[in-house]
Structures are given as structure tokens and as C-alpha cells.
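Derivation of every value follows stated rules applied to the coordinates shown; laboratory data play no part. All of these numbers come straight from a predicted model, not from anything done at the bench. Neighbour counts are summed over all protein chains in view; Cβ atoms, including those assigned to glycine, are modelled from backbone coordinates with ideal geometry.
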Amino acid sequence: MIDVQELTKQYAGRTAVNNISFKVEPGEIVGFLGPNGAGKSTTMRILSGYMPATSGRVQVAGFDVFQQSIQVRQSVGYMPEMAPLYTDMKVNEYLRFRAELKGLSGHAMRRRVGEVMELTGVTDMRKRLIGNLSKGYRQRVALADALVHKPKLLILDEPTNGLDPVQIRHVRDLLRNLKSKHTVLLSTHILHEVEQTCDRVIMIHQGRLRANNTPQNLTRQLRSTTLLHLEIDGTGEVAEKLTAITGVRKTTEEKILVHPWRKFTLRVEPEHDVRDAVMELAMQQKWRIREMHRQLPTLEDVFVELSMNAGIPSDIPTHVL
């Protein structure tokens, strides 16, 4: 559905997108992540045909973005971060206007407008002026606009910006339901939603591709340590004995007021699971354990690590074959 090869976009004095390549297959929901200024919005605008590139090759739905821009726009539903809505129009008027611009007419147009209003939860607001809507409802109208012509590809730049938690969940469920009919490229800073929704994650930083993999693989491979939390009834040098276990990098004790229980956090090397070794040590030392749980890395951990580190570890694949 998307084939990007050596894409570069330069402005005067800086390079916004620096020689990136990636593919998105039909039916995928792909999270497109990076810190502010990483080049995400620039890349999305190029993919949508709204901005020219400096160099590289981009195909969307089999069409060349630079040579067949009309066909590309017919295949793409693009929702920018700050959608330019006509605030003096009512919701249903605006969506019918946008549908006509995208080639729909007559009964089919009216039926499709009704469908997307229902999908995005703005049916009750159809007679309201867009200028009188909250930011969250404006986001929904923009999403309905992106969906109205049944595009093969949806490119959504911060679609949940301004939505409350219930509305965010609604959008997440909507994207899952759209998967059978649409490919989705999604940019957002709500990383929990990416973990819940996306099949794959592409991360860029300073215009360069940093990672391209499933959320599960990224969290497993990119994070340098995992954490193991313990509550132990034990005396003496408990921390020192725990740190001596193979795979434990560091042990720290937290102060709690429930005597005689003591709380420890173990930083564990990647690819190590020390829970069995902890249990064996506890039996040897006659410690009681009332809590032990492992804190697995999250996509937020990966995002922070990549944002703070200009490079990526050599064992991390940047492309999924």
C-alpha cells in the first residue's frame, strides 16, 4: 500500500526527512512515531500529495505520488493535525460539501455522509455549526471527512488530539473495525493506544528511521533492562544477596512502614528471567515473599530511549521482512 524509498525533504538550512525507506502492507495499522520535529508530519504530507519531496520515490496504492498525484489523492484519506474546517458551516453541510469535492453525489453521497457521521459519533451534532463545536468534536468531523470517500489508505496525524478518554477508546475501536477495509498510518503521542491498536511501529528521530518492528519486538529488544519488584520478610544483607544472582544488574531498597516487610527493585539484564533464582535464594535464606512481579518495558520506554539516543543498538532490526 505504501512504498517509500530513500525519501528526503530539505528546507533552507535543515533536513526534515533524511533518506528514509519503509513499506506498509494492505490491511496494516502502522503507528508512525517520533518526538516533535522528527519529520512525521512532513512525511505524511508528502505521502498524501500535499507537499513535494526533495528526492526519493514514493508509491501509494500502486501510484507514484509525484507523477500520479490525482490518483493518489483519490486513494488517500488524510487528516492533518490541525484540520482546516469551515467553521461557518453545519456538520452535515460540510461533510456533504467535502463528499461532492471527492466525487460523490446524489443518494450515494447522502448515505455515505450518514454512515461516517454514525461511525465517528457526530450524528447528534449534524445541525450544529462547526465553529460552535468543542475541539474533540471538530476532530471527529475531520475524521469523518477523511473517511467519506472510502479511501484505501487513511493517514491520520494526531487523530485523538483533544479527545477525552471515552472518545479515544471510541476512535481505537473504530480503527480496529476499519482494518478489514482500510490501511491506516497513524501518528500519535498516546503510546498506550499504539500498543493497543497498531500491528507495527515505525519510529523516526531527527528525520532518520530509527526502528521498524512490532510493538512487542521493540519493547523486548530495545530496552536495556527489565524490573523485578519484591516484598520480602528478611533480615541482613538482602540487597547484596539479590544482586549476586546472575543477570541482576542492581538492587535498590525502598522504604516502607509495614514491619517486617522490605521492598526491593531489581534491575535485570535483557533476556534474563531471575524469578526462579530469587525463589531458590528465598528458600535457602528462609525469607518469606508476599509479592513478586516483573515490570515489562513499554512502548513509552522505547520511545524515550530512541529519542534520547541518536543511534540504535546494532542487534535491533530496522526493517520487518
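Annotation: amide H-H contacts under 5 Å for His205 (H modelled 1.01 Å from N, sequence separation of 5 or more, or interchain): Arg210. Among [x] 0.93; [y] 1.10; [z] 1.03, which one is Rg/Rh (Cα atoms, Kirkwood Rh) computed from these coordinates? The calculated read-out lines up with [y].
Computing FRET efficiency as 1/(1 + (r/R0)^6) for Gln74 and Asn19, where r is the C-beta to C-beta distance and R0 is 22 Å, gives about 0.15. A simple rule links phi to the HN-Hα coupling: the Karplus curve 6.51 cos²θ - 1.76 cosθ + 1.60 with θ = phi - 60°, which for region 154-159 gives 9, 10, 10, 9, 6, x Hz, with x for Gly and Pro. Tell me the net charge near Ser105. Cut-off is 12 Å between Cβ atoms, Ser105 excluded, with +1 for each Lys or Arg and -1 for each Asp or Glu. Value of the local net charge: +4. Full extension of the chain segment joining Asp88 with Glu291 gains 67.2 nm, where the gain is 0.36 nm per residue of separation less the Cα-Cα distance. In terms of the mean number of neighbouring beta-carbon atoms within 10 Å, the peptides 277-287, 20-30 order highest first as 20-30, 277-287.
In deg cm²/dmol and to the nearest 500, what is the mean residue ellipticity at 222 nm of the chain if only DSSP H runs of at least 4 residues count, each as -39500 (n - 2.57), divided by the residue total?
The helix contribution divided over the chain gives -10000 deg cm²/dmol.
Exceedance of the 21 Å cut-off in Cα-Cα distance is limited, within the set Lys102/Lys152; Lys23/Lys135; Lys127/Lys150; Lys9/Lys181, to Lys23/Lys135; Lys127/Lys150; Lys9/Lys181. Between Tyr11 and Asn177, the contour length at 0.36 nm per residue exceeds the Cα-Cα span by 55.9 nm. What's the FRET efficiency of Glu271 with Glu237 using the Cβ-Cβ distance as r and R₀ = 25 Å, to the nearest 0.05? That pair, Glu271 with Glu237, gives E of 0.40. Structural descriptor for the chain: relative contact order 19 percent, calculated from alpha carbon pairs under 8 angstrom and at least 6 residues apart. What does the C-alpha gyration tensor say about the overall shape of region 245-291? Classify as rounded when a/c is under 1.5, otherwise prolate if a/b is larger than b/c, or oblate. Because a/c hits 1.5 or more and a/b fails to exceed b/c, region 245-291 counts as oblate. The phi torsions of region 24-29, fed into the Karplus equation with coefficients 6.51, -1.76 and 1.60 and a -60° offset, translate into couplings of 10, 8, x, x, 7, 10 Hz, rounded to whole numbers, with Gly and Pro shown as x.
Return the FRET efficiency for the residue pair Leu227, Gln284: r is the Cβ-Cβ distance, R0 is 35 Å, and the value is rounded to the nearest 0.05. About 0.90, to the nearest 0.05.
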